[in-house]
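Here is the structure we will look at, set down as structure tokens.
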Amino acid sequence: MKCVVVTGSTRGIGLALARSFLARGCAVVISGRQQVDVDTVVDALAADFDAERVAGAACDVTVPEQLQGLWDAAVARFGRADIWINNAGIAHGQAMLWEQDMALFGRIAATNLAGAMGGSAVAIRGMLSQGGGAVYNMEGLGSDGRMVEGMTPYGATKRGLRYLDDALAKELSGTPVIAGSILPGMVVTDLLLAGFEGPPERVAQAKKIFTILADRAETVAPWIVDKVLANTHNGARISWLTTAKASWRFMTAPFSKRDPLGLND
């Protein structure tokens, strides 16, 4: 039985990933900044799955000691951690860089980028000691170099993650630990819906794009989990929304009845 740790898994795509790993017989360690949220999710998952395979620990990924505590909690409960997914992240509404609250810059970099660095360091150190494992970072808008007006702080952190992913794969070459990245595409979560903040014209454009490209977390997560569990390749990039898939959706948009955002519910 594989043990999987997912940061930022009390809601959104992180929670959907946790549910999918549990559905496939894995043990899962839930994590979020607030212990009360972690406990609530653990109780809910324990009611739906084998309670012996679900654990949780509060962790603010910007605090190195708490990241180490999350690893220690996983090992204490399940003996080891086989897969670690750095999913915790924060986003912001669409606005030009100079229109943003400058206090955001440090927070988003500390969570999305430094948090992933810290989580990777803790997990890799532990996995090298135990003889193997896999670490994945959750890439996103901007990681491939594509730029979207009004999303500069978020995109910059995700672009940094691409470097981190490639660098980790190179540094881990020849070791029993592998590193990879997950690109879930546009998933309907609180992070995505944060893009609905801002001037009306930007919000309208965002809704148009999201309706074409976005997917619900429960659609994307099972596919990602199957790919992660099957992967043995260092440097793998697990991508749900490929260029071909996105192009097809744009071409068929006039005839599609897709409503991932529930705008017509």
(message) Going residue by residue through the stretch 39-48, is there one that turns out to be out of contact with any helix residue (DSSP H, G or I) (no Cβ under 8 Å at 6 or more places or on another chain) and either buried (at least 18 other Cβ atoms within 10 Å of the Cβ) or not in a helix (DSSP H, G or I) (or both)?
(response) yes
(message) For the stretch 77-134, give me each residue that is among the polar types (S, T, N, Q), part of a helix (DSSP H, G or I) and within 21 Å of Gly155 (Cβ to Cβ).
(response) Thr111, Asn112, Ser120
(request) Mind listing just one residue for me: the one in the stretch 230-244 that is surrounded by 11 or more Cβ atoms within 10 Å (Cβ to Cβ) and among the small types (Gly, Ala, Ser) and, of those, nearest to Gly142 (Cα to Cα)? (result) Ser239
(request) Name the single residue, out of those in the stretch 49-63 being within 28 Å of Ala121 (Cα to Cα) and surrounded by fewer than 16 Cβ atoms within 10 Å (Cβ to Cβ), that is farthest from the chain's Cα centre (by Cα). (result) Glu52
(request) Run Gln94 past the list (1) polar (S, T, N, Q); (2) under 27 Å from Asn231 (Cβ atoms); (3) crowded, with 20+ Cβ neighbours inside 10 Å and report the number of the one that doesn't hold. (result) (2)
(request) Would you list the helices (runs of 4 or more DSSP H) that sit entirely within the stretch 138-219 and hold 1 or more residues that are surrounded by 21 or more Cβ atoms within 10 Å (Cβ to Cβ), at pLDDT 85 or above and not hydrophobic (A, V, I, L, M, F, W, C)? (result) 152-171
(request) Go through the stretch 57-84 residue by residue and tally those that are β-branched (Val, Ile, Thr) and closer than 21 Å to Arg107 by Cβ. (result) 3
(message) Based on this model, can you work out whether Val28 counts as of a type in the set (Val, Ile, Thr) and closer than 26 Å to Leu164 by Cβ?
(response) yes
(message) Being modelled with pLDDT of 75 or more and either surrounded by 12 or more Cβ atoms within 10 Å (Cβ to Cβ) or closer than 17 Å to Val135 by Cβ (or both) is the filter here; which residues of the stretch 245-255 pass it?
(response) Lys245
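The values are calculated or read from the model by the stated rules, or taken from the named source; none is laboratory data. Note that the coordinates shown come from a computational prediction; the quantities given were computed from them, not determined experimentally. Please note: Cβ atoms are built from the backbone with ideal geometry, for glycine as well, and neighbour counts cover all protein chains shown.
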